[in-house]
């Protein structure tokens, strides 16, 4: 397609980034090959030097992966995307390509457990220090800046408490300082939120979640300007945290239904969240689509819906929370999310189990907290399922 800017995102999710084998196939081709052959030695040299477009080796050039990258870039409104083996590989690729020893990160304290461990553990070994702040407090972001601060990192809505941060405000703080803002858009996907339009410089995804939508494969991606994505590409090319062609092919089919799925899952999540708020066994519900959410007005401005993930605190601590998890029969007991099947997990003992107790307390992840990722089942059935665990 010559001009994707005139098309609606629902169309781009199906039509953007098509790569063909030359046989006129209607479905996206799957190129299962480790390498590609060359017509001549000069042809090979030109391809490896980047003097002409083409494919050499599937660690960094593959038509199926390219199609996924082009489609996601179109959906996020970015110039370029680079796919990775997982969401954590995407975050790691950004950090290793944009930072060096002695650099400083300011990050939200409300993060997925593995992201917290990457920043506080792995990156610190390489001399990259991170200061964690309350994502909702603009003053805290500004106060944490240092001369050596090169990058701000934000996950919004956050995992698992669905805290919503003002992307435009944090982007302005980063840019005033000469730093870049990286936003994890996993919970929303481009169907609900486009951080680049709000001032973010790079967007990262765990494509494993809503971009696939069916819990089938792992994948990740980084989207942004060509200038910022090029170093990420060079890191992936060299270090090899690459997305496999098969997984890219599966993710392409997932993108085709992204907008339909998210519309219905968000509606289901809002109904379940309102029902949970009415239950006496539930102390509090965290969901940006609820009027009771502290950042509800902000979520309405920068998201097109509240999302499909909510969290709630059960009265009675871990014992009561585990009882809910153990008694559900329809909802899947798993730490994954973004699936058409609803899933439930106890963050303090799963996704954030390796995070220190102090960090969990700082992030508000208590023993009674449960995270529910709402799928495409009928919401009445999900409510009946949860009632099994909430009832004595």
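One residue is enough: does the stretch 55-63 have a residue meeting the conditions touching a helix residue (DSSP H, G or I) at 6+ places or on another chain (Cβ under 6 Å), surrounded by fewer than 14 Cβ atoms within 10 Å (Cβ to Cβ) and not in a helix (DSSP H, G or I)? No. Please verify whether the stretch 21-41 includes one or more residues that are part of a strand (DSSP E or B) and within 17 Å of residue 234 (Cβ to Cβ). The answer is no; no qualifying residue exists.
Filtering the stretch 339-360 to residues that are surrounded by fewer than 19 Cβ atoms within 10 Å (Cβ to Cβ), in contact (Cβ under 8 Å) with a residue 40 or more places away in the chain and in contact with a helix residue (DSSP H, G or I) (Cβ under 8 Å, 6 or more places away or on another chain) leaves 340, 353, 354, 359.
Quick check on my filter: what residues within the stretch 297-317 are touching a residue at least 40 places away in the same chain (Cβ under 8 Å) and over 20 Å from the mean Cα position of the chain (by Cα)? I'd like the intermediate steps shown before the answer.
Residues of the stretch 297-317 touching a residue at least 40 places away in the same chain (Cβ under 8 Å): 298-299, 302-317.
Answer for the stretch 297-317, where residues must be touching a residue at least 40 places away in the same chain (Cβ under 8 Å) and over 20 Å from the mean Cα position of the chain (by Cα): 312, 313, 314, 315, 316, 317.
Taken across the stretch 178-195, residues that are part of a strand (DSSP E or B), modelled with pLDDT of 95 or more and surrounded by fewer than 24 Cβ atoms within 10 Å (Cβ to Cβ) do occur, with at least one present. One residue alone among 74, 143 is surrounded by fewer than 21 Cβ atoms within 10 Å (Cβ to Cβ), assigned by TED's automatic domain parsing to the domain that holds residue 248 and under 28 Å from residue 176 (Cα atoms), and that residue is 143.
Return the residues of the stretch 219-231 that are surrounded by fewer than 20 Cβ atoms within 10 Å (Cβ to Cβ) and closer than 20 Å to residue 189 by Cα; say none if nothing qualifies.
Keep residues of the stretch 219-231 that are surrounded by fewer than 20 Cβ atoms within 10 Å (Cβ to Cβ), which gives 225-227, 230-231.
The answer is 225, and nothing else.
Could you please find all residues in the stretch 361-373 being under 17 Å from residue 158 (Cβ atoms) and in contact (Cβ under 8 Å) with a residue 24 or more places away in the chain? Please lay out each step first, then the result.
Just the residues of the stretch 361-373 that are under 17 Å from residue 158 (Cβ atoms), to begin with: 361-366, 369-373.
Of everything in the stretch 361-373, those that are under 17 Å from residue 158 (Cβ atoms) and in contact (Cβ under 8 Å) with a residue 24 or more places away in the chain turn out to be 362, 363, 364, 365, 366, 369, 370, 371, 372, 373.
When residues in the stretch 108-117 are screened for being out of contact with any strand residue (DSSP E or B) (no Cβ under 9 Å at 6 or more places or on another chain) and surrounded by fewer than 22 Cβ atoms within 10 Å (Cβ to Cβ), 2 of them pass.
When each of 208, 238 is tested for being closer than 25 Å to residue 114 by Cβ, free of Cβ contacts under 8 Å to residues at least 12 places away in the same chain and not assigned by TED's automatic domain parsing to the domain that holds residue 312, the lone residue that passes is 238.
The set of residues in the stretch 120-138 being at pLDDT 95 or above, assigned to a helix (DSSP H, G or I) and either touching a strand residue (DSSP E or B) at 6+ places or on another chain (Cβ under 8 Å) or closer than 17 Å to residue 362 by Cβ (or both) consists of 123, 124. No other residue among 82, 91, 105 is touching a strand residue (DSSP E or B) at 6+ places or on another chain (Cβ under 9 Å), outside any loop (DSSP other than H, G, I, E, B), free of Cβ contacts under 8 Å to residues at least 60 places away in the same chain and not assigned by TED's automatic domain parsing to the domain that holds residue 336 apart from 105. Scanning the stretch 7-24 for residues that are surrounded by fewer than 13 Cβ atoms within 10 Å (Cβ to Cβ) and at pLDDT 85 or above turns up just one, 8.
The values are calculated or read from the model by the stated rules, or taken from the named source; none is laboratory data. What you see is a predicted model, and the numbers here were worked out from it, not measured in a lab. Cβ: placed from backbone, ideal geometry, glycine included. Neighbour counts: every protein chain shown.
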